[in-house]
Amino acid sequence: MFKTRLLSQEEVKSLITMKDVLEAVEKTFKGMGEGTVINPTKVGLDLGETASYPPYEGFMNAMPAYVGWLDSAGIKWAGGFLGERRRMGLPYITSLILLIDPKIGNFRAVMDGAYITNMRTGAQTAIALKYLYSKKNLRLGLFGAGMQGHTQTMAISEIFHIDEVRVYDINPDASKKYAEDMKNKVQGDIVIASSPEEAADADVVVCVTQSKDKFVKDKWLKPGTILFPMGSYQECEDEFILNADKIIVDHIGQCLHRGALKGLSEAGKITEKNIYATIGEIVAGKKLGREREEERILCIPIGTGAMDVAVATIALQRAEEKEIGGFYEFV
């Protein structure tokens, strides 16, 4: 009776653009602020990312959500692997998204989630900046020139005029490839930074690395800088977190237990009381974003299943319209 639509990564790519993703992310942030999006804290499975057993240098997260403005529900099962996966030349991220009809529970679709993950992660930063950064032009400092570095730039360039990107990657060849790939997306200059400090000299600094080092120094970030540490680990030193004028996150529960705030949270130095607002509260107009130009802001859109479910639902709607994808009758 019920068929489940199956969509490959290439099919998903053909169905959504960055503009589509930006619109979906903004509406979903608004829904989170208004309470019409339900997003439990993700559940993580450590497969050797930090645990000693099993030794696979990876993790998987289960990320369920209900998105009210689309009346859609689902879950993303996704993670990142180094180790054997990297040696095989496979991308770091692996992911599937499953969508259900929230009224009766039948599975509407199963699709690749890696492409959606990369696109919505870039869009999260761009939409947060839309509400935190008042100027149309900006200088971007980018740590990490891989796929996430590309989609961050793609998303930000849709909303802002990027006067300059200063990109730094521990692999110089990755920075060179980024510069070539992004030359038609960035309106201004792309500078391959010779040091991390050089890359941090920007209006907006975005970190999309797998580093476990707190490499961004507090003293590098001038008044008015907005820092987005998007990696799985801290990426910036404790002093900046503790000295930031505002800490803004997408999901309080998740951000206190993974990424930039995890260590300080476990040490009792950062609690929910230190978080000024969620991005959703700001997009919904419940709290102000930046109130003074010189504020140094730490913004952490660590990633929620709601964004994946929203973008996946748009992809499914387009697939239904265009009759794209295969089918499988699970029941």
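The values are calculated or read from the model by the stated rules, or taken from the named source; none is laboratory data. Computed from a prediction, not measured in an experiment: that's the story for all the values here. Heads up, the Cβs are rebuilt from the backbone with ideal geometry, glycines too, and the neighbour counts pull from every protein chain shown.
Listed here are the residues, each with its yes/no results for (1) without any contact (Cβ under 8 Å) to a residue 24 or more places away in the chain; (2) aliphatic (A, V, I, L, M).
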residue: Ala126; (1), (2): no, yes
residue: Leu132; (1), (2): no, yes
residue: Ile159; (1), (2): no, yes
residue: Glu164; (1), (2): no, no
residue: Ala174; (1), (2): no, yes
residue: Glu180; (1), (2): yes, no
residue: Lys183; (1), (2): yes, no
residue: Ser211; (1), (2): no, no
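Residues satisfying the criterion are absent from region 63-81 (criterion: at pLDDT below 95, of a type outside the set (Asp, Glu) and surrounded by fewer than 18 Cβ atoms within 10 Å (Cβ to Cβ)). Candidates in region 29-47 are the residues that are modelled with pLDDT of 95 or more and touching a Ser or Thr at 6+ places or on another chain (Cβ under 8 Å); of these, the one that is surrounded by the fewest Cβ atoms within 10 Å (Cβ to Cβ) is Gly33. Is there a residue being of a type in the set (Asp, Glu), over 20 Å from the mean Cα position of the chain (by Cα) and assigned by TED's automatic domain parsing to the domain that holds Lys212 anywhere in region 273-281? Within region 273-281 (the criterion being of a type in the set (Asp, Glu), over 20 Å from the mean Cα position of the chain (by Cα) and assigned by TED's automatic domain parsing to the domain that holds Lys212), the answer is no, since none of the residues qualifies. From the set of residues in region 139-153 that are among the aliphatic types (A, V, I, L, M) and buried (at least 22 other Cβ atoms within 10 Å of the Cβ), which is farthest from Gly280 (Cα to Cα)? Residue satisfying both the conditions and the ranking: Ala145.
A single entry from Val43, Val67 fulfils the requirement of being in contact with a helix residue (DSSP H, G or I) (Cβ under 8 Å, 6 or more places away or on another chain) and under 30 Å from Val283 (Cα atoms): Val67. Name every residue in region 306-331 that is of a type outside the set (Gly, Ala, Ser), under 15 Å from Phe107 (Cα atoms) and in a helix (DSSP H, G or I), in order of residue number. Residues satisfying the conditions are Val309, Thr313, Leu316, Gln317, Glu320. Of everything listed in (1) surrounded by 18 or more Cβ atoms within 10 Å (Cβ to Cβ); (2) without any contact (Cβ under 8 Å) to a residue 24 or more places away in the chain; (3) not aliphatic (A, V, I, L, M), the single unmet condition for Gln317 is (1).
If you take the residues in region 119-138 that are of a type in the set (A, V, I, L, M) and touching a helix residue (DSSP H, G or I) at 6+ places or on another chain (Cβ under 6 Å), which one is surrounded by the most Cβ atoms within 10 Å (Cβ to Cβ)?
Out of the qualifying residues, it is Ala123.
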